[in-house]
Amino acid sequence: MLDARQLEALAAVLEEGGFGPAAKALNLTLAAISLRIKGLEAALGQRLLVRGKTVRATPAGQTLLAHVKQLRLMEADLVHGLPGSRAQGGAASPWQSLGVAVNADSLASWFLPGVATTLARYRLLLDIAIHDQDHTLEALKNGDVIGCVSALAQAMRGCLAEPLGVMRYRAMVAPALLQKCRTRAGAVSVHRLLAQPALIFDRKDALQDAFLAQHFGLASPQYPRHFVPAVDAFESALEHGMGWGMVPEQFLARRVGRLPLEELLPGRTVDVALYWHHWEHEPVSAQRLTQAVKAAAQTLLAERVGAGNL
């Protein structure tokens, strides 16, 4: 049997960002935290933490952190369901926190509206990590979250990857900048386009490259780039002609009363198939979130299509 106090000490060090903050959170001395971690490492015969300027988990430490988080949720579900518990007697059940990793576009369009009712009904709190859809799976692998929205279809061992649907992106640009990309005949010139800046959400965002590869046949194209890692600022930069960028269809449908944007190549899209990754055996609270995410996607995302998916 693993020692529960040692596991909580490990989780606290990783969640609080160090031994000192963990000791404060658990109301223990620094020495006590250190002894518990050393005891757990000795019992398992391997290192669980990489100590340095910042403390991070080894692969074994990541696995144990995920185990601790699952135990917390399972214990909360168990207490809530016990006969004679406060919640059974009509009192409000305690709030439960669930860590999820979601890409910014999903978060700002369909994810939050889709799960809001379930969160309120079952008193669930979200601890959201924002990553590009190609990189959210790392947070699940590390034990930081219990579920993630990802563009990767392959599930990890012990997890499920359930198809959600498609986020469809269109290349948008301010009218004045679009004119700079056109020839005298009015057609968009790829050479003129590549001379203009592109708006990229962050350095992990590959949507522009996918657009240029799919519709112009370009591999590893070079072009100037602005990095704008905030949804509202990204849209504002587009409107003010700072560059061209990929915008989800859901955002375009609600652009009432804003500065005009035009589609760079009408009808030419990049479709990103999304999947909900979660543990195969998950606590009741996590199951409720999974059902809400799947229902939201079914209502608010496009159905998967064969061509154009990443």
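What follows draws every value from the coordinates through simple rules; no lab data is involved. These numbers were taken from a predicted model, which means no experiment stands behind them. Cβ atoms come from the backbone with ideal geometry, glycine included; neighbour counts cover every protein chain shown.
General remarks:
- Lys, Arg +1 and Asp, Glu -1 on Cβ, resulting dipole of segment 153-310 about Cα centre, debye, nearest 20: 420
- Diagonalising the gyration tensor over the Cα atoms of segment 194-240 and scaling each eigenvalue by 5 before taking the square root yields semi-axes of 20, 11, 9 Å, largest first.
- Computed from phi, the 3J(HN,Hα) profile of segment 113-123 under the Karplus parametrisation 6.51, -1.76, 1.60 (θ = phi - 60°) reads x, x, 9, 4, 5, 5, 4, 5, 5, 9, 6 Hz, with x in place of Gly and Pro.
- q = 0.09 Å⁻¹: log10 I(q)/I(0) that the Debye formula gives for segment 184-310, counting C-alpha atoms only: -0.35
- Top of ALA174, ALA23, ALA43 by mean-square fluctuation, Gaussian network on the chain, Cα under 10 Å: ALA43
- Pairs over the 29 Å Cα-Cα cut-off, from the set LYS24/LYS69; LYS38/LYS204; LYS24/LYS294: LYS38/LYS204; LYS24/LYS294.
- Sorted from greatest to least, the principal axis extents spanned by the alpha carbons of segment 1-94 come out as 48, 25, 18 Å.
- Take the Cβ atoms of HIS281 and ARG254, set R0 to 30 Å, and the FRET efficiency comes out at 0.20.
- Computed over segment 109-234, Cα set: Rg, Dmax in Å: 18.7, 60
- Top positive-direction residue, dipole computed over the chain with Cβ charges, set ALA273, LEU64, VAL228: VAL228
- Scattering profile of the chain at q = 0.15 Å⁻¹ [log10 I(q)/I(0), Debye over alpha-carbon scatterers]: -1.16
- When peptides 190-201, 237-248, 255-266 are sorted by average Cβ neighbour count within 10 Å, with the highest value leading, the order is 237-248, 190-201, 255-266.
- Backbone phi angles across segment 37-43, fed through the Karplus curve with coefficients 6.51, -1.76 and 1.60 (θ = phi - 60°), yield HN-Hα couplings of 5, 4, x, 5, 5, 5, 5 Hz in residue order; Gly and Pro are listed as x.
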